[in-house]
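See below for the structure under consideration.
The values are calculated or read from the model by the stated rules, or taken from the named source; none is laboratory data. In this text the structure is predicted, and so the values were computed from the model without any measurement. Counting neighbours? That spans all protein chains shown, and the Cβs are built from the backbone with ideal geometry, glycine included. All accessible areas refer to the heavy atoms of the entire protein, side chains included, with ligands and DNA or RNA removed. Shrake-Rupley method; radii C 1.70, N 1.55, O 1.52, S 1.80 Å.
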Amino acid sequence: MAGGVRRLRGLCALCRVVLFLSQFCILSGGESTEIPPYVMKCPSNGLCSRLPADCIDCTTNFSCIYGKPVTFDCAVKPSVTCVDQDFKSQKNFIINMTCRFCWQLPETDYECTNSTSCMTVSCPRQRYPANCTVRDHVHCLGNRTFPKMLYCNWTGGYKWSTALALSITLGGFGADRFYLGQWREGLGKLFSFGGLGIWTLIDVLLIGVGYVGPADGSLYI
């Protein structure tokens, strides 16, 4: 009987705690203290004009003249703090930028995915579809992530100087072709003594001008 009374009292105390927490949540407006994910990219108390694009909201004008300087009114997002040139707290400010869409930016202002499955040494040069993202400190119009067709531009670690040196010195034994991963051509040169010297001379010229490259399709370093 006494155990039942203690359990009943404990249940009443728990109900009071739940009621208190619900009333506190209602009185505080139900606001969450969770920090937005974009805050991790936003330096605290830095210059507002230098904040990354993810930290601010700007009123953009898509009818501006391409390539011309333009100013936009911006405001920092919630939970973001920044200052002006006089180190005073600021919420609204102006950003100066060039009128252009993100996909019109120079290549140094965005990063793209790379492909290691396309041939860099081919005629005509091959392209591959890439997804590009604008760097945090760069401001532009439109989507900050966009698709773009890029030329194959990756390397497997093969050196042009090494390939050329092997072609000149040991090309008659197919060493240059073996180094580039072209083992079939290497065996052909090895058993034909470099095509009686003719194949060796041709390979020296082709490797010298960069026409013959690594078998995996990558660029020289």
With criteria (1) open to solvent by 100 Å² or more (accessible area, probe 1.4 Å); (2) farther than 24 Å from LYS148 by Cα, TYR66 comes up short on (2)
Checklist entry - Taking the stated definitions as given, is ASP203 of a type in the set (D, E, K, R) and either under 16 Å from MET119 (Cβ atoms) or in contact (Cβ under 8 Å) with a residue 40 or more places away in the chain (or both)? => result no
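Given THR169, THR108, which one is assigned to a helix (DSSP H, G or I) and under 18 Å from the mean Cα position of the chain (by Cα)?
From the options THR169, THR108, the qualifying one is THR108.
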The one condition ASP73 fails out of (1) open to solvent by 70 Å² or more (accessible area, probe 1.4 Å); (2) under 30 Å from TYR151 (Cβ atoms) is (2)
| message | Here is a check on your reading of the model: is VAL204 of a type in the set (Val, Ile, Thr) and part of a loop (DSSP other than H, G, I, E, B)? | response | no
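When the residues of region 45-62 are filtered to those that are part of a loop (DSSP other than H, G, I, E, B) and open to solvent by less than 90 Å² (accessible area, probe 1.4 Å), which remaining residue is farthest from VAL134 (Cα to Cα)?
Among them, the one singled out is ASN61.
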Scanning region 127-159 for residues that are of a type in the set (Ser, Thr, Tyr) and crowded, with 17+ Cβ neighbours inside 10 Å, the one farthest from ASN114 (Cα to Cα) turns out to be TYR158
Across (1) open to solvent by 30 Å² or more (accessible area, probe 1.4 Å); (2) at pLDDT 85 or above, ASP203 clears everything bar (1)
Residue set ASN114, ASN143, ASN131; condition in a strand (DSSP E or B), polar (S, T, N, Q) and touching a residue at least 12 places away in the same chain (Cβ under 8 Å); output residue ASN131
Selection from region 181-198 of residues touching a residue at least 12 places away in the same chain (Cβ under 8 Å) and either within 13 Å of SER167 (Cβ to Cβ) or crowded, with 18+ Cβ neighbours inside 10 Å (or both) yields GLN182, GLY186, LYS189, GLY194, GLY197
Matching residues in region 88-103 (in contact (Cβ under 8 Å) with a residue 12 or more places away in the chain and not in a strand (DSSP E or B)) number 5
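Among what's in region 82-105 and is of a type outside the set (A, V, I, L, M) and within 19 Å of the chain's Cα centre (by Cα), pick the residue that is surrounded by the most Cβ atoms within 10 Å (Cβ to Cβ).
In this case the residue turns out to be CYS102.
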Do we have ALA175 as open to solvent by less than 80 Å² (accessible area, probe 1.4 Å) and touching a Leu at 6+ places or on another chain (Cβ under 6 Å) here? yes
